[in-house]
Amino acid sequence: MSLIQVEGVSKEFRINRRHKGAFAAVKSLFKREYSYKVAVRDLSFNINEGEIVGYIGSNGAGKSTTIKMLSGVLVPTSGSVIVDGLVPYKNRKLNARKIGVVFGQRTQLYWNLPMEETFDLYKKIYNIDTVQFKKNVEFFVELLEMQPFLRTPVRQLSLGQRMRAELVVSLLHDPKILYLDEPTIGLDILVKQKIRKFIRQLNEEKSTTVILTTHDMDDIDQICDRVITIEKGEKIYDGPLEQFKAQYSVGHKLSVSFKTRYSGVNDPRLRVIEIQDHKVTVLFRKEEIGIPECLAILSQIGEIEDIKITEPNIEEAVENLIVNEAGKVLV
Ligand SMILES: Nc1ncnc2c1ncn2[C@@H]1O[C@H](COP(=O)(O)OP(=O)(O)OP(=O)(O)O)[C@@H](O)[C@H]1O
């Protein structure tokens with residue numbers, strides 16, 4: 001049976017309607033008016049133990065609302081959520097022992113305490129066995145290279161150091177599932193790489209199931225095996241990352257600079273997307289035409305000075321998928 005089972009889940013928020021003016025404020029004391037916002041609609045998916053799933057979509061698509069229902073913070077309006085045999089909102093305490101949560105924009109750390117003492121505090125909160133605790137602290141501190149700043153108060157840590165600390169406190173009690181909401185937001189590329197590598201190692205060594213929401217498509221590319229895409233509250237894709245990229249990417253990009261002015265190419269497999277004097281950029285699909293053949297065709301136009309090939313990009317694939325789906329709705 002799957003570790004996480006989401007079946008026909010919807011979440012609707014009731015929003016207080018406010019009218020302008022003093023009279024309207026008085027009137028609203030007697031008669032409240034509401035509007036409703038459907039944040040998630042008829043959502044279903046299953047996630048097995050040990051999977052790393054990227055949960056992606058545009059701003060306001062419903063990602064955080066889903067994670068909050070999985071972690072028991074929000075109650076679904078309809079449908080069922082079962083996490084490791086429990087209904088999260090009905091068993092918040094038990095569920096909390098099975099999950100770790102990191103929200104990139106919110107902290108679980110204590111400003112004035114150094115990490116060493118914060119770890120001790122979490123040991124008490126979760127009542128973690130001493131042997132398990134020591135083993136975990138050692139393991140995480142080494143993997144995330146945290147030794148140099150264990151005794152520094154949190155308020156003096158950099159954003160990257162704090163994010164590593166957030167990860168550790170959410171993992172000290174060995175949760176089966178880790179929910180990560182924008183874990184690399186605002187970090188420099190070196191720290192991002194460190195965190196991505198850590199998440200993969202965690203998954204390999206402890207089989208932790210990871211659900212990651214992010215707008216950074218490199219996170220998805222480098223961490224996840226499977227992608228679920230949600231748009232306007234509805235699931236629009238669920239499958240392997242590689243299939244997602246192959247199905248929705250616009251293709252490889254090839255930019256060629258000529259010694260002389262670019263004079264035009266006529267092959268349906270090469271889609272010209274940009275022309276600048278001596279330079280042309282074309283899109284092509286590797287299934288239709290290989291790079292050597294592309295270059296052979298382009299070299300007939302003139303002498304080539306420089307080339308640049310860009311791999312399909314997952315960001316474009318997401319945009320493409322959303323445009324496709326919007327088209328379907330309109331038809
Ligand atoms: N407490 C709330 N009350 C009313 N509406 C809400 C509430 N929380 C979320 N919403 C609305 O539900 C929709 C989904 O929001 P949600 O935060 O889940 O999106 P998201 O995919 O996480 O977006 P982002 O990528 O911007 O964080 C949005 O339209 C949002 O405004």
- Non-local amide H neighbours of residue 52 (under 5 Å, H modeled in plane, Pro and chain starts lacking H): which ones? 210, 225, 226
- About the Cα centre of region 251-311, what is the dipole size in debye to 20, counting +1 per Lys and Arg Cβ and -1 per Asp and Glu Cβ, all else neutral? 100
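How big is the antiparallel share of DSSP beta bridges in the chain, given as a percent to the nearest 5? Kindly include the intermediate steps, with their values, before the conclusion.
Values: 40 of 58 bridges.
In the chain, approximately 70 percent of DSSP beta bridges are antiparallel ones.
If I take R0 = 41 Å and measure r between the Cβ atoms of residue 217 and residue 23 in this structure, what FRET efficiency does the formula 1/(1 + (r/R0)^6) give, to the nearest 0.05? If you can, show how the numbers build up before the last one.
Numbers: r = 50 Å, r/R0 = 1.21.
Between residue 217 and residue 23 the formula returns 0.25.
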- Task: Step through the residues of region 256-263 one at a time and calculate ³J(HN,Hα) from phi using the Karplus curve (6.51 cos²θ - 1.76 cosθ + 1.60, θ = phi - 60°), rounding each to whole Hz and writing x for Gly and Pro.
- Result: 10, 9, 9, 6, 10, 5, 5, 10
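Scan the chain and hand back the longest stretch that contains none of the trypsin sites (Lys or Arg not before Pro) lying in DSSP loops with at most 11 other Cβ atoms within 10 Å.
That gives 152-258 as the longest site-free run.
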- Note on the structure: Scalar couplings 3J(HN,Hα) for region 154-161 by Karplus 6.51 cos²θ - 1.76 cosθ + 1.60 (θ = phi - 60°), nearest whole Hz, x for Gly and Pro, are 3, 4, 9, 7, 6, 4, x, 5
- Message: Name the residue from 276, 262, 294 whose Cα lies farthest towards the positive end of the charge dipole of region 251-311, charges +1 on Cβ of Lys and Arg and -1 on Cβ of Asp and Glu.
- Response: 276
- Task: Give the residue from 224, 148, 111 lying farthest towards the positive end of the charge dipole for the chain; charges sit on Cβ (+1 for Lys and Arg, -1 for Asp and Glu) and the dipole is referred to the Cα centre.
- Result: 111
- Of all DSSP beta bridges in region 137-242, antiparallel share, percent nearest 5: 55
- Item | Cα-based equivalent ellipsoid, the chain: semi-axes from gyration tensor eigenvalues, Å | 42, 30, 20
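For the chain, what's the relative contact order in percent, using C-alpha pairs closer than 8 Å and at least 6 residues apart? It would help to have the intermediate numbers written out before the result.
On the way: 572 pairs, mean separation 59.5, N = 331.
Here the relative contact order equals 18 percent.
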- Note on the structure: Quick shape summary for region 194-286, equivalent ellipsoid via Cα gyration tensor, semi-axes whole Å in descending order, reads 38, 17, 11
- Query: Given Cα pairs under 8 Å that are at least 6 residues apart, what percent is the relative contact order of region 150-298?
  - Reply: 14
- Assuming 1.306 mPa s and 10 °C, estimate D for region 251-311 with Stokes-Einstein, Rh taken as the Kirkwood radius over Cα pairs, in µm²/s. 140
- Task: Report, by chain and number, residues whose modeled amide H sits under 5 Å from the one on residue 100, excluding near sequence neighbours (fewer than 5 apart, same chain).
- Result: 177, 178, 179
- Item | the chain: calculated mean residue ellipticity at 222 nm from DSSP helix runs of at least 4, using -39500 (n - 2.57) | -11000 deg cm²/dmol
- Task: Give me the distance between the Cα centres of region 123-177 and region 209-223, rounded to whole Å.
- Result: 21
- Going residue by residue through region 140-152, the Karplus relation 6.51 cos²θ - 1.76 cosθ + 1.60 with θ = phi - 60° gives ³J(HN,Hα) values, rounded to whole Hz and with x marking Gly or Pro, of 6, 4, 6, 4, 9, 6, 9, 3, x, 10, 5, 9, 8
- Message: Suppose the chain between residue 190 and residue 34 were pulled fully straight at 0.36 nm per residue; how much longer would it get relative to their current alpha carbon spacing?
- Response: 51.5 nm
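Percent of accessible area on region 251-311 owned by carbon and sulfur, 1.4 Å probe? Mind dumping the intermediate values first?
Details: 1740 of 3800 Å².
Percent of accessible area from carbon and sulfur atoms in region 251-311: 46.
The values are calculated or read from the model by the stated rules, or taken from the named source; none is laboratory data. Treat the numbers as computed from the prediction; the structure is a model and nothing was measured. All Cβ positions, glycine included, derive from the backbone under ideal geometry; neighbour counts span all protein chains shown. Only protein heavy atoms, including side chains, enter the accessible area calculation; ligands, DNA and RNA are left aside. Shrake-Rupley method; radii C 1.70, N 1.55, O 1.52, S 1.80 Å.
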